[in-house]
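Notes follow once the structure below has been shown.
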Amino acid sequence: MSEPSLSAGPIRLARGHRVQFEQAQNCDVLLYPEGVVQLNESAAVILKLVDGTRTAADIAAELNRQYPGEDLTADVREFLEIANARGWIT
Amino acid sequence: MHEGGLPNPAPSIKPPLWLLAELTYACPLQCAYCSNPVDFAEHGKTMDTETWIRVLRDARQMGALQLGLSGGEPLVRTDLEVLVAEAHSLGYYSNLITSGLGMDAARAKALKAAGLDHIQVSFQSSEANQNDEIAGTRSYAHKIDMARAVKSAGFPMVLCFVLHRDNLHRLSEMLDLAIDLEADYVELATTQYYGWALLNRDRLLPTLEQVREAEAVANGYKARLKGKMDIYFVVPDYYENRPKPCMNGWGSVFMVVAPDGTALPCHAARQLPGFEFPNVQTMSIKDIWQTSDAFNRYRGDAWMKDPCRTCPEKEKDFGGCRCQAFQFTGDAANADPVCSKSGERHLVDEAISSARNTTVETPIIFRNPKNSDKYAIKLSELSPGSK
Ligand code: SF4
Ligand code: SF4
């Protein structure tokens with residue numbers, strides 16, 4: 001079976017998923033039915049841009065604008081592929 | 001990582017991630033596999049709205065994130081929407097764990113409006129008569145309607161099928177039903193033998209052949225539905241040779257608060273002798289978590305005996321389940337006897353063969369207040385510790 005591939009259109013968090021900052025953990029977390037994932041800084045930055053209007057390319061462009069210097073496109077893409085395979089985004 | 005053999009220094013106590021609020025023991029169903037304590041009818045008064053709100057606040061302040069609203073049947077409480085709204089404003093991810101009884105389309109919408117995040121609906125079977133038989137109550141048709149209402153209110157839905165000898169052969173039917181009801185996740189929950197399920201174990205424990213067959217069916221669906229519906233199937237631990245990492249370690253991420261306010265490190269812990277479990281009405285959540293004897297007794301690994309004490313796998317499974325160790329060996333500090341390194345594995349094997357020799361004609365003992373009074377005594381006689 002092949003993994004469902006990352007959409008070229010706008011992406012959003014999967015139903016029942018949300019990102020929020022946690023004081024006690026001092027980090028952002030992803031919450032979903034009966035589960036929690038602690039996010040590292042880059043994962044949190046990317047997931048917060050997933051809003052149902054931006055495409056993967058938009059998100060990469062936005063981050064390249066925010067963090068000029070290195071081209072982040074490949075990293076963003078790689079993370080979104082993983083997030084997609086785990087069912088965090090659709 | 002630690003070398004096997006050296007007890008860890010006192011572990012630093014991280015906050016709980018999970019609060020499981022058992023809001024009531026009242027339930028219209030009578031499932032023979034219910035994990036509620038057999039003597040539930042004798043337990044104290046169910047806490048009121050205000051007290052629960054304080055519990056939610058205090059646990060959230062410590063860092064609890066996931067909230068399970070469970071029971072009994074949590075929908076029995078008319079203040080459920082109030083508690084959900086409070087949980088939502090506190091920033092919990094709230095999960096309602098229900099049989100669907102007590103729900104209607106309007107209530108599903110009201111819970112959504114109050115900020116509930118997710119609903120888990122449990123089924124006893126994929127077949128109406130069997131469902132109603134196991135539940136001891138006519139409920140199947142209503143459950144189907146409610147699963148649809150949950151989805152149309154916009155919730156992510158987990159369907160939970162509790163598996164045992166009588167329904168394991170229906171696994172593909174259950175998964176087809178889950179597809180039809182558009183479940184987002186399916187939990188194929190093997191019965192765990194605590195509480196009422198322990199009382200009915202001879203009658204409920206499936207055979208190894210049944211389990212292997214079911215596993216193959218589940219794996220087939222999993223591959224087919226990858227990316228569409230997540231399916232969890234766990235082999236009953238009696239058929240494994242390593243125990244489950246129970247609760248992710250005692251006092252590590254999980255706190256249960258029972259209807260009367262008793263705080264427990266796991267749902268089944270109440271049966272353990274030699275404990276005085278703290279109550280949220282007389283002790284703060286923070287003190288319960290950090291300083292109470294009950295939550296510290298099996299925290300970390302300093303309490304372990306051989307073979308766990310010197311076992312390199314103790315970081316992975318924490319020596320298994322304390323309640324299972326107690327139920328089989330009479331000492332909760334022993335290795336979980338499911339483990340092949342435990343000297344008591346034969347006790348689990350004996351339970352398996354005892355179930356094998358039990359016919360389907362043996363009556364099932366339903367979970368209801370009458371049987372609670374009757375069997376509370378019988379079960380305590382059965383526990384090896386009280387002999
Ligand atoms: S397992 Fe069955 S009897 Fe027990 S609380 Fe759940 S629905 Fe009620
Ligand atoms: S001996 Fe104890 S720690 Fe080692 S695998 Fe068995 S139960 Fe786990």
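Read the figures in this text as sums done on the coordinates, not as results from a lab. Bear in mind that the values here come from a model prediction, so they are computed numbers and not experimental data. With ideal geometry, Cβ positions are generated from the backbone for all residues, glycine too; neighbour counts draw on all protein chains shown.
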Residue match in region B:11-31 (condition: free of Cβ contacts under 8 Å to residues at least 24 places away in the same chain, within 16 Å of ligand 2 (Cβ to nearest atom), surrounded by fewer than 15 Cβ atoms within 10 Å (Cβ to Cβ) and under 30 Å from B:Met304 (Cα atoms)): no
Scan of region B:160-202 for residues that are small (Gly, Ala, Ser) and away from ligand 1 (no atom under 15 Å from the Cβ), ordered by number: B:Ser172, B:Ala178, B:Ala183
Listing of helices (runs of 4 or more DSSP H) fully contained in region B:94-164 that carry 3 or more residues being away from chain A (no Cβ under 14 Å) and either within 19 Å of the chain's Cα centre (by Cα) or crowded, with 20+ Cβ neighbours inside 10 Å (or both): B:128-135, B:140-152
Test: residue in region B:317-339 that is in contact (Cβ under 8 Å) with a residue 12 or more places away in the chain, over 19 Å from B:Ala197 (Cα atoms), away from ligand 2 (no atom under 12 Å from the Cβ) and aromatic (Phe, Trp, Tyr): no
Any chance B:Leu80 is within 14 Å of another protein chain (Cβ to nearest Cβ), away from ligand 2 (no atom under 16 Å from the Cβ) and at negative phi: no
Out of B:Pro37, B:Pro28, sole residue that is within 22 Å of B:Phe254 (Cα to Cα) and away from chain A (no Cβ under 14 Å): B:Pro37
Out of B:Tyr232, B:Tyr239, sole residue that is in contact with a strand residue (DSSP E or B) (Cβ under 6 Å, 6 or more places away or on another chain), of a type in the set (Phe, Trp, Tyr) and more than 20 Å from B:Lys14 (Cα to Cα): B:Tyr232
Residue in region B:118-137 that is nearest to ligand 2 (Cβ to nearest atom), counting only those that are of a type in the set (Gly, Ala, Ser) and in contact with a Phe, Trp or Tyr (Cβ under 8 Å, 6 or more places away or on another chain): B:Ser122
Residue match in region A:70-77 (condition: away from chain B (no Cβ under 14 Å) and either surrounded by 17 or more Cβ atoms within 10 Å (Cβ to Cβ) or touching an Asp or Glu at 6+ places or on another chain (Cβ under 8 Å) (or both)): yes
